[in-house]
Each structure stands twice: as C-alpha cells, then as structure tokens.
Amino acid sequence: MLRFLATRVSLIVPTFIGVTLLTFALIRVIPGDPIELLAGERGIDPARHAELRADLGLDKPLLVQYGVYIANVARGDLGESILTREPVLEEFLARFPATFELSVCAILFALAIGLPAGVLAAVRRGSAMDHTVMAVSLTGFSMPVFWWALLAILFFSVTLGWTPVSGRISLLYFLEPVTGFMLIDSWLSSEPGAFRSAVLHLVLPSMVLGTIPLAVVARMTRSSMLEVMGDDYIRTARAKGASPLRVVAVHALRNAAIPVVTVIGLQTGVLLAGAILTETIFAWPGIGKWLVESVHRRDYPVLQGGVLLVAATVMVVNLLVDALYGFINPRIRHTR
Amino acid sequence: MTAAAKIRPVASPNPLARFWWVFRENPGAVVGLWVISAIVVAALLADAIAPHPPHEQYRDAFLTPPAFARGGTWRYPLGTDDIGRDILSRIVHGARLSLLVGGIVVSLSLAAGILLGLLAGFTRGIVEIAIMRSMDIMLALPALLLAIVIVAVLGPGLTNAMYAIAIVSLPHYVRLTRAAVIAERTKDYVIASRLAGAGVPRLAFVTVLPNCLAPLIVQATLGFSTAVLDVAALGFLGLGAQPPTPEWGTMLADARQFMQRAWWVVTFPGLAILITVLSFNLLGDGLRDALDPRMRR
C-alpha cells in the first residue's frame, strides 16, 4: 500500500511543477508589466520604476526569477493581493472553508438522491422508472448551472419564500469564525436561530452545485449496478435465498460502489468549476467568487496564487481518491 | 421463383445505412438530431424568422410579458427585455452565435488535438512525454477556471473566450487520438502499409487516422455541447461576449437584475442553452452507440 501511494505521489510532483510554470508564466504574459499594475492608474516615474524592478527581482534572468518563485511557493509565500495587501495564502485559507462546506453538502445531496435513483433504475431496467431517471439525469448533466441557480432563486426564494436569496447566514447574526465552517460555528454559538439560518442558506447553493454530480452519480451507479447484477456471485446469493433487498444492498451495491467512488473523486474539478458560478450567483464568500472578482479587479497575484492552490487542491483530492480506491479494491493496489 | 433467386447472396450493407440502422434505434438520439437540425435552420434563417431585429429597442414595450401570459402580446411572442428588445429575436440570433462558437471551438481543438495526438502517438519518446505531460497539467485545473485564466490574459470578448475554450478542451482530443494511434499502429494493415513504403505522414493521416475517427466524432459532438455551455458561462460572468451581443449567457447576465419583476427575461435564454446542450448530448450518446459498439453503455 505504501509503495502504491509513493508511486502516486511521485506522479503528481511533475504535474505540480508544470502548474507552477503555468502560473509563473501567467503574470508575465499579461499585457503591461507587474509594476505598472501595482502602481495602478496614478502611474509611476521611471526612476522609481527601475528601483522597484530591481527590488522585485524583475531585472534578473527568467530562470532565476522562476527559481525565486518556486522557493517562495515552497515557503508558502504566494505574494499579496494588490487590492487588500493581504497575503494570498491567508485570503485563500479564509475562504476555503466556505467552498469546502458548500462542496461537501453538494456531494452529499448528489449521493443522497443519485445513488438510490441509479440503483432503482438498474434494478428496474427498461421500466418507466429507469427511463425517467436516465432522462432526468441527462437533463441535469446538460444544465447550465448559472441558469439553474437563477430559476431556483426565482422559485424557492422569491415565489415560495422558503430560502434566503444569498449569503451564508442572515445579517442578524454576527458570529466570530471559530472553524470557518458556518454550520459548525453557528451550532457552537449560543445565538438562537443561527444554525437554522445557516442551514437554510446552504440548501439552494448545495442543490444547484450538486446537480451535475447528481446526474453523473446516478448514471454511473446505474451502469455499474447493471454490470454487477449479471455476475455469478449475485446468482449465488439469490440461490442461497437472500432477499432481493439484501442481494441489491449488500452484495451488488458494495461492488458497484467502487467506480462510483472514483467518479465522485473526479467530480472535485467539476465542483470547483461549478463553485465559480454558484458562488458568484449566491454571493457565497468562497474561492470561486474570490477568483472571478480577482479577474474583474485585475488583481493578478490573487489569480496566480489562487489558480496554483486550486490545482494543488484538485491534485490532493485525486490522490486521496486513488488511495481510497486502492484501499477498497485490493486488485488495484497489487497490480501496480 | 427459382431456387437460384432464393439463395442470392445478401449484399453487405452500406456502412452509412448500417450506421443509420443502429442510430435510429435510439429515440433520444433521433430527437436530438431533429432538434439540432431545427436550431441550425433557425440560425441560418435568423433574419427571416426573427420577428424583429435583435438590437431594436421598442420604447413602448419595456419588460412586456410573453404572449401566453397575462398582459402579453403576439407582437413579442416571448416578451421583451428591460430596454424593449424582443427576446425571441435575440434568442434566434443567439442560436447563430452559439452554433458558430461551437463549430469554431470544436474545429480548432479537434484539428490541434488530432495533430498533437498523432505526433505523440507516432514519435514516442521525449516529444510524447512533453505533449502528454502538458495535457496532464491542463487537466489538473478545472476547465472553466483555466478558461477564465486564459481570458484574463487575452482580455474579455467572444473571440478570446472561443480561443480559451478551444485550448481547454484540447487534452481530451489529444488523449483520444494518441490512445487510438497506439492501439492501431501495431496492427497488420499499418505494418503492411509501412512495408509498402508509406512514410510517417501517410501512415498517420491516410492509414491510421480514418480508423481512429469514431471516438473523435463522439467527443466532438459532446465537445460542441461543452463549448456552448462554457461560452454561455463566460458570457454570464462578463468575460465572454459583451453586451449588446445577443449571446445567451450574456443575455442572462443582463437580465439578472430584472428577474424578480420579469421571470421571462431569464427563463427563455437559459432554456435555449439547456435545449441545445441537451440535444448535442443526446446525439453524442447515440453516435457513441452507433459508431463504436465497444463504448456502448
């Protein structure tokens, strides 16, 4: 198992270095040089410009500049935001729990509906139920997330008044961040109603963000269940007299779950991309909204650092999924 | 009837006929094809079909509801937006834009992807490693985020958004082509062609490529839907087409602030995106079943 993990880790190192090359290049291909960017609209006199260039090391050869950049990245120094002057890493860490909380709830939503729907569709193959699940999941898969979010707000918030339109918690509550996770923080706080408010604020964004993963999980569960249901051990279980529920829930689902776990892991990238749109619409103070704002404000250090951190997050999650996959499926662990 | 007539050998069916035979078994795919054909016709004849010019502002008709709702009129079948432009006309003209964008994005990424994939598959060694590693790096980033980064570098606008999405979708085509090339290159017909003296370009484009096309066609169809979706998403974020272009995502972004007063301004452009993307996904699924039995679900 350790060897398996070591191989996996050694595979992501070159990719990560490649991503640093990409983010390093990013700030240099943007029109205008970084100092003019820092100076903003007021402009800067040539003497000060040259001085700053030397200070920031921009007069050194590119290779040296890249070496400095890598050394800084290794120390966790990703530069600071032009707008707030806060270190990029700190800004990222302050927003990460919001995105993490939202993503976990979205995945739970996707699993809670997608898994049973996929199982039902597979067990009743060819029935109206199967066709409905497949049609709905293909529609979900094709859904423009931003439009779906607007429709959900229009229906659930505006027309029915069930959920708030945006934000993480009602403005009536001011909670000192303890963990950064609003559900936990509001639970820990003694404010009555704060937890309920946090939950209500999470419902719509999670549903919207979870829609595409839900469609993927349902389709994957169905096809994986169909494959497994024809296997010998299922027939054996049936022959032994196991109840249909037991055959499906215990014998089949356990094996069918393996590809589903991988698919959920691979959804991390999809979730983060979806979070860019979902967070922007629901004014959710997470990574996605932060990155889009950095583009609009031309805050390139934030974009540069943020992209690197998002890529690192995706890689780490994929590594964890790989490890989990090797853990639940011994065949994988031993063959590589 | 004579005995000879009865045992007349059956001609092997024309591949196109055989393809159609399998394809039409899938009702979803056929529906997708019909809807796409309708969208293409609407896009081609946009000037004739659209009841109004897409940029015309009717000052007496701000936020008019659709014809079938209370207060609506058939003059504006799907209602008007906040500055009195006919939504149906804008959607029809938007179809032209979306199909154009999808077509260009898919052509660009397909052409570049095939070239790089063939290069990686045929050269092996350092070139292959360089190409495939670059693709892995691109895949490490969520596609939309990478597209946003590219647009941030190039500047917002429809053309740059198209380039960004074409670049982002490159890895899928490169990987597919390379995998297909590696599977094909040791087969007898390729070796025979090599022995007959065919050079690498001929082997790549004439011998091997036609046999790798099935998965690429499927991916291109699905890529079309992704392109339409991503261009709309960039437009929605203000990074794609700029107002007053009748692009579906940009229309949604413009309409957002009027959403509570006028549901139709956000409903119809989004529905247009959904229907287009769904149709291409249905078609892609059908093509996969018909073209490549191994990939059948």
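Can you tell which of B:ALA120, B:ALA183 is among the small types (Gly, Ala, Ser), modelled with pLDDT under 90, part of a helix (DSSP H, G or I) and over 29 Å from A:VAL292 (Cα atoms)? First the steps, then the outcome.
On the way: B:ALA120 fails: modelled with pLDDT under 90.
Within the list B:ALA120, B:ALA183, the selection yields B:ALA183.
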In the range B:205-250, the residues that are more than 23 Å from B:PHE122 (Cβ to Cβ) and either part of a loop (DSSP other than H, G, I, E, B) or over 20 Å from the mean Cα position of the chain (by Cα) (or both): B:LEU237, B:GLY238, B:LEU239, B:GLY240, B:ALA241, B:GLN242, B:PRO243, B:PRO244, B:THR245, B:PRO246, B:GLU247
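How about the range B:222-252: which of its residues are within 8 Å of another protein chain (Cβ to nearest Cβ) and surrounded by fewer than 21 Cβ atoms within 10 Å (Cβ to Cβ)?
Listed by number, the list holds a single entry, B:GLY238.
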Selection within the range B:124-135 - crowded, with 17+ Cβ neighbours inside 10 Å and either within 8 Å of chain A (Cβ to nearest Cβ) or closer than 16 Å to A:VAL29 by Cβ (or both): B:SER134
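Is it the case that some residue within the range A:78-97 is touching a Phe, Trp or Tyr at 6+ places or on another chain (Cβ under 6 Å), surrounded by 12 or more Cβ atoms within 10 Å (Cβ to Cβ) and closer than 18 Å to A:ASP299 by Cα?
Step one: of the range A:78-97, the residues touching a Phe, Trp or Tyr at 6+ places or on another chain (Cβ under 6 Å) are A:95, A:97.
Restricting the remaining residues to those that are surrounded by 12 or more Cβ atoms within 10 Å (Cβ to Cβ) gives A:95, A:97.
Restricting the remaining residues to those that are closer than 18 Å to A:ASP299 by Cα gives A:95.
Within the range A:78-97, one or more residues are touching a Phe, Trp or Tyr at 6+ places or on another chain (Cβ under 6 Å), surrounded by 12 or more Cβ atoms within 10 Å (Cβ to Cβ) and closer than 18 Å to A:ASP299 by Cα.
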Since A:SER81 meets every condition but one in (1) more than 14 Å from chain B (Cβ to nearest Cβ); (2) without any contact (Cβ under 8 Å) to a residue 24 or more places away in the chain, which condition does it not meet? (2)
When the range B:89-102 is checked residue by residue, the ones that are open to solvent by 50 Å² or more (accessible area, probe 1.4 Å) and touching a Leu at 6+ places or on another chain (Cβ under 9 Å) are B:ARG96
Report, by residue number, each residue of the range A:110-151 that is surrounded by 15 or more Cβ atoms within 10 Å (Cβ to Cβ) and not in a helix (DSSP H, G or I). A:SER142, A:MET143, A:PRO144
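Given the options B:PRO65, B:PRO51, B:PRO142, name the one that is at pLDDT below 90 and either of a type in the set (D, E, K, R) or touching a Leu at 6+ places or on another chain (Cβ under 6 Å) (or both).
Numbers: B:PRO65 fails: either of a type in the set (D, E, K, R) or touching a Leu at 6+ places or on another chain (Cβ under 6 Å) (or both); B:PRO51 fails: either of a type in the set (D, E, K, R) or touching a Leu at 6+ places or on another chain (Cβ under 6 Å) (or both).
Only one candidate qualifies: B:PRO142.
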With open to solvent by 30 Å² or more (accessible area, probe 1.4 Å), assigned to a loop (DSSP other than H, G, I, E, B) and among the acidic types (Asp, Glu) as the only criterion, which of A:GLU176, A:GLU227 stands out? A:GLU176
In the range A:60-77, residue farthest from the chain's Cα centre (by Cα) [restricted to those that are of a type outside the set (A, V, I, L, M) and surrounded by fewer than 12 Cβ atoms within 10 Å (Cβ to Cβ)]: A:PRO61
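In the range A:205-214, what residues are aliphatic (A, V, I, L, M) and surrounded by 24 or more Cβ atoms within 10 Å (Cβ to Cβ)? Even if it seems obvious, please write down each step before you answer.
Quick first cut of the range A:205-214, residues aliphatic (A, V, I, L, M) only: A:207-209, A:212, A:214.
If the condition is that a residue be aliphatic (A, V, I, L, M) and surrounded by 24 or more Cβ atoms within 10 Å (Cβ to Cβ), then A:VAL208, A:LEU209, A:LEU214 are the ones that fit.
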In the range B:68-83, residues that are without any contact (Cβ under 8 Å) to a residue 24 or more places away in the chain and surrounded by 15 or more Cβ atoms within 10 Å (Cβ to Cβ) total 2
When residues of the range B:254-288 are filtered for being modelled with pLDDT under 90, open to solvent by 30 Å² or more (accessible area, probe 1.4 Å) and part of a helix (DSSP H, G or I), how many remain? 5
Could you list, in sequence order, the residues of the range A:269-303 that are open to solvent by 20 Å² or more (accessible area, probe 1.4 Å), more than 9 Å from chain B (Cβ to nearest Cβ) and within 19 Å of A:LEU26 (Cα to Cα)? A:GLU293, A:ARG297, A:PRO301
Could you tell me whether A:LEU245 is more than 19 Å from the chain's Cα centre (by Cα) and modelled with pLDDT under 90? yes
Within the range B:253-287, residues more than 9 Å from every other protein chain (Cβ to nearest Cβ), more than 25 Å from B:ASP47 (Cβ to Cβ) and within 17 Å of the chain's Cα centre (by Cα) come out as B:LEU283, B:GLY284, B:GLY286, B:LEU287
Number of the exception - A:GLY18 against (1) open to solvent by less than 80 Å² (accessible area, probe 1.4 Å); (2) free of Cβ contacts under 8 Å to residues at least 24 places away in the same chain; (3) more than 30 Å from B:PRO156 (Cβ to Cβ): (3)
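The values are calculated or read from the model by the stated rules, or taken from the named source; none is laboratory data. Computed from a predicted structure; not experimentally measured. All Cβ positions, even for glycine, are placed from backbone atoms using ideal geometry, and neighbour counts span all protein chains on display. Just so you know, the surface numbers come from the protein's heavy atoms only, side chains and all, with ligands and any DNA or RNA stripped out. Shrake-Rupley method; radii C 1.70, N 1.55, O 1.52, S 1.80 Å.
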